[in-house]
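In what follows, a single structure is set out as structure tokens and then discussed.
Where a number appears in this text, it was derived from the coordinates with a stated rule and is not lab data. Computed from a predicted structure; not experimentally measured. Quick reminder, even Gly has a Cβ in these numbers, built from the backbone with ideal geometry, and neighbours come from all protein chains shown.
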Amino acid sequence: MQVDFAVELGRDDETLDFPWVGPETRYYDLKRNPQALDQVEEALGNKALRDFLLTVNSPASILESAKCDTWVTDEINPEEEIFGARWKFGSYVDFLFTSPAARASFKHHERLVTELTELLQRVPEIPASAEFLLRRCYYHNQETADDGFYVTFYLFGYGEDEAKARCQWEIALQLVGKVVIQVSSRHSSL
């Protein structure tokens, strides 16, 4: 699996308002109310995403999710041609630390994405890629400062058809879930 991370804190980079409300969707606090997962449209009928969200929001995790989505496409970028695939199945999950103090710490976020990347670079080679983007978050009605950070996690699985691309994505998503718990066990004080 190809894995990388980047820091995106520029003026024009993506940010997150948390908790958020969209025109047709809204934030569900899956950490404190796992039953709300039944309201997350993206997870309905997608067992792999559902399991990943349960893992990220579990008591064993130092993280919680904010937003997510999945999609499938036959648009392969030049840098993705190394996978020799015609299709890719993709997703993103925005997550943040559960600890209000850690949410405001660039150092904690940087260490998190570094450790996730290093551990995932050791997994068996599969046609998948992951990227962790450290971004700015504006927290509202929280016990922490108004601005802090969050991570957008992108994952792509590649295959000759939609089903194979999705299968590779599912395998990679399971691996990332296991690594999230491994990193969480190292930093359970957060």
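Backbone phi angles across the stretch 27-40, fed through the Karplus curve with coefficients 6.51, -1.76 and 1.60 (θ = phi - 60°), yield HN-Hα couplings of 6, 10, 7, 6, 5, 9, 9, x, 5, 5, 4, 5, 9, 7 Hz in residue order; Gly and Pro are listed as x. When the Cα centres of the stretch 1-64 and the stretch 145-190 are compared, how far apart do they sit, in Å? Each part's Cα centre sits 11 Å from the other's. Springs join every pair of Cα atoms under 10 Å in this Gaussian network model of the chain, and among Val21, Val123, Val93 the largest mean-square fluctuation is at Val21. Note on the stretch 1-129: percent of Cα-Cα distances in each 10 Å bin, starting at 0 and stopping at the bin with the largest distance, equals 10, 35, 39, 16, 0.
Of the GluC sites (Glu not before Pro) in the stretch 17-123, the ones in a loop by DSSP (not H, G, I, E or B) with at most 12 other beta carbons within 10 Å are Glu24, Glu75. Amide H to amide H distances under 5 Å link Asp69 with Tyr92, where only residues 5 or more positions off or on other chains count and H is placed in the peptide plane. Put simply, the amide H of Ser58, placed in the peptide plane, has no neighbours under 5 Å, leaving out anything fewer than 5 places away on its chain.
Annotation: peptides 175-188, 46-59, ranked by per-residue average of other Cβ atoms within 10 Å with the highest first, follow the order 46-59, 175-188. With springs only between Cα atoms under 10 Å apart, run a GNM on the chain and tell me which of Ala130, Ala104, Ala163 wobbles the most. Result for the chain, Cα springs under 10 Å: Ala163 fluctuates most. In this rough spin-label picture, where each label sits 7 Å from Cα along the Cβ direction, the Arg111-Glu75 distance is 3.9 nm. Here the sum of -39500 (n - 2.57) over DSSP H runs of 4 or more residues, divided by the residues of the chain, equals -9000 deg cm²/dmol at 222 nm, to the nearest 500.
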